[in-house]
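What follows draws every value from the coordinates through simple rules; no lab data is involved. What you see is a predicted model; the values in this text were computed from it and never measured. Here the Cβ positions follow ideal geometry from the backbone for every residue, glycine too, while neighbour counts run over all protein chains shown.
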Amino acid sequence: MATITTSDVRLHTLPPAIGRAGLRGALASEFTKLRSVRSTYWALGALLIVSIGVGALVMGGESGSLTHNIANRAGFDGTQVSLIPFFEIGQLIIGVLGALTITSEYSTGMIRTSLTAMPRRGVVYAAKAIVFTGVTLVFALITSFVAFLVGQAMVASTREGASLFGNVKIPANAIFSGPGGPGSPPKVTLQGIDVISASTVLRAVVGTALFVTLVALIAFGLGAIIRHTAGAIATVIGLMFIIPVIIQTLPQNWRQDIMRFFPDAAGRVISVTVPGGGDPHLWSSWPQMIVTACYAVGLLAIGAYMFRKRDA
Amino acid sequence: MIEVRGLTKRYGAKTAVDSLTFGIEPGKVTGFLGPNGAGKTTTMRCILGLDYADEGTVTVDGKSYPGLAYPMREVGALIDAKAVHGGRSARNHLLCLAQTNSLPKRRVGEVLELVGLTEVAGKRSKGFSLGMSQRLGIAATLLGDPKVLMFDEPVNGLDPEGILWIRNLMRAMAAEGRTVFVSSHLMSEMEHTADHLIVIGRGKLIADCTMREFIAGSSGASVRVRTPSAEEFVRAITAKGATAATDEDGSIEVRGMTTEQLGDLAFSEGIRLHELTTVRASLEEAFMELTASSVEYRADVPGAQQPSTTIGSGV
C-alpha cells in the first residue's frame, strides 16, 4: 500500500442532522447487508434451483406413471406434488439463510460494529426481520409459482394438471376391473370427478410460499436465540424434520392427536388441492398455518427479547 | 464529553470493572492505560452500550449512548478491527453503517480515500491484512464526523508506518477540538500521543491526571548532577533535606529538589556544575510502579515457588 497522508483528503461537511436515526435507515442498512454477501445469493439460488428443478424431475416422473398406469390419475394432486420439493427441501435452504442472517453477525463479530452504529437494538432487530421477511416472501412466491408452472408443463400431455386460471376436472376414483396381462398394468375403470378449482390452486401456491416464509422466520428467531449458525440450523432441522419422524414412531392415536401442534404440518395441508386429499387428523389449511405462524411469532419474540437483553 | 460514574460490570463471579468514575475532556487525547485484563475494553463496551453495566452510569454529552439521536455523528468507536463480516466489501461495509445514521453515500468514498483503501474498496475484507482492517475500522469511525473518537488498542499489530499514521490522525483529530479516547497497554505508545491519562488496574481507577503529572508523580523523577566537588555538594544537598546518591560514573542522583533549587544551591555554595539534568522517569517505569500490584496475569519465573504456571499475556 502506498504511503498515506491524511492531509491529501478533505472530507466534506455533513448536512445538518434532523430528527434521529430510526427504522428507515436501519432498513436500508439491512438490505445492503443482505445483498452484499454471497451467502444470500447461494441460498436464494439454491432455493430456486432445488425447488423448481426437483419439482420438475418429480413431475416428469409422474407424467410417465400417469401415462403408464391410468389408475394413478385418480385423485392426482399435481399442484401438491410439484410443490413438495419446495416446502420440504426449500424450507431448509431458506431456513439456513434465516439463521445466517442473524448468526453471521455474531460469528463474524459484525454485531458489535452494527450495534455501535445503531445502538437501539429493537430497531436493528425489527429492520433485520422486516428486510429478511420481504426478500424471503418475494423469492418464495417466485419459487412457488415457477415450480407449479414448470410442474404443470411436465404433465401437460396427460391433461391431468391443475390451472390457476380455470377449474380442472380429474377422475376421483380408480376401480380395478381385472388383472393386467404380463408387462401391462391391471385393467382400471376411472369413476367420478373431482373438480380442482383455480382458487384452490392459487391458495395452495401462495399458501405454500407463506408456509416456507414462516419456516424461514422460525429459523431467524432461533438464530437470534442461539446465536451460533450450526446450532441454529441443527435446531431448525430438528424441529422441521426430526420431530415429525419421531412423531411417526409414536402409537397411532397419540400421533394423530399431537401432530397438528407442530410447525411442519401446515405445509402438507396448505398445498393440497384435491378434495379430501389432506390428512383427516390435521386441521384445515389456515388453522394449521396459524400453528406454524405461532411458532414463528413466538420464536421471533423470544429472539427479540434476547437480542435486546444480552450483552452483544 | 464522556462521563463514567460508578461503573461496575461483572461477568459471573469476576468483576471486570469496579466502580470506575472518570470524565473525558474534549480537545485532548486521553490515554486509557492498564495491563491486559484490567477492564479497558469492558469499560469501552459499556460506554457504547454493547455490554450492560451492573451499576453506575455512562453518558455522552449528558445522554446515554443508545439515546443519542445520531450515534455515529457523536461517537466514532473502533473496538475490534476484525469485527466485520469478511464476505462484505469494504465499500458495502461502510455503506451499511452509513445508512443506519442516514449519512450521505458519498461520505463512504471520502473516508475510504482518507484511509487509503480506495483501491481495495470493492474487495471482500476477508483478505485484508490487520493494518488494512484497522484502516477500514478507522474509516467507519470517521463516517459521521464525530465529536468523540474512541479506539481500543488501535496500534496492535501495526507496522511502524501504520502506527505513525494512527498517532498523527489522533493528534490531528484532537487538534480539531475532538475528544479522543484511546486505550493501550503499551506505555511507550501513550508517551507520544496522550495529553491526559486514565490508568486502571483490575477494574479500578489507579490514576486520572495529565501525562506530566503522571510522570512527575512517580518516585522515579530525579535530577542528575555532575560536579568536580561531589562530596561537598552531596553534603549541602542532604543538609537541605533532599537525598543524593553517587553513581558509579561519579554523577549524583538527587531526589527531592528541582533543577532550579539545585542550581541556586550550587551558586550560593560556590560549586561548579558540569551537568544539571532532570531525569524523567519513563512512562513505562511510572506505569509499572503504579500497576505492580494490579497485574492480573503474572508470569512466574519457572523453577521458583510455582513451577509451570507461566501464563502468556494474550494481546
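The calculated pair-distance distribution of the range A:4-86 uses every alpha carbon pair, bins of 10 angstrom beginning at 0, and gives 13, 21, 18, 16, 11, 10, 6, 4, 0 percent. In plain terms, the residue of B:M257, A:M240 with the fewest other Cβ atoms within 10 Å comes first and the most crowded comes last, giving B:M257, A:M240.
Restricting to Cα atoms and excluding each atom paired with itself, what does the Kirkwood estimate give for the range A:222-312 in Å? Write down the numbers at each step before the final one.
Numbers: mean 1/r = 0.0684 Å⁻¹.
Result for the range A:222-312 stands at 14.6 Å.
Rounded to the nearest whole angstrom, the semi-axes of the ellipsoid equivalent to chain A, taken from the Cα gyration tensor as √(5λ), stand at 47, 22, 17, largest first. Using the structure shown, list the pairs from A:K128/B:K28; B:K82/B:K147; B:K28/B:K204 with a Cα-Cα distance above 31 Å, or answer none. Over 31 Å Cα-Cα: A:K128/B:K28. Based on Cα atoms of the range A:140-235, Rg over Rh with Rh as the Kirkwood radius reads 1.22.
Taking the inverse of the mean 1/r over every pair of distinct Cα atoms in the protein assembly as shown gives a Kirkwood hydrodynamic radius of 29.5 Å. Taking all Cα pairs closer than 8 Å and separated by 6 or more residues, the relative contact order of chain A comes to 23 percent. Listed by chain and number, the aspartates and glutamates placed with their C-alpha closer than 14 angstrom to that of A:K309 are B:D51, B:D54; residues fewer than eight positions away on the same chain are left out. For the range A:47-126, the relative contact order is 34 percent, taking Cα pairs closer than 8 Å that sit 6 or more residues apart in sequence and dividing their mean separation by the residue count.
Local charge for A:G134 was computed over the other residues whose Cβ lies under 15 Å away, with Lys and Arg +1 and Asp and Glu -1, and equals +3. Calculated from DSSP H runs of 4 or more alone, at -39500 (n - 2.57) each and per residue, what is the 222 nm mean residue ellipticity of chain B, nearest 500? Here the helix-only value at 222 nm equals -9500 deg cm²/dmol. Expressed as a whole percent, the proportion of Cα-Cα pairs in chain B lying more than 35 Å apart is 35%.
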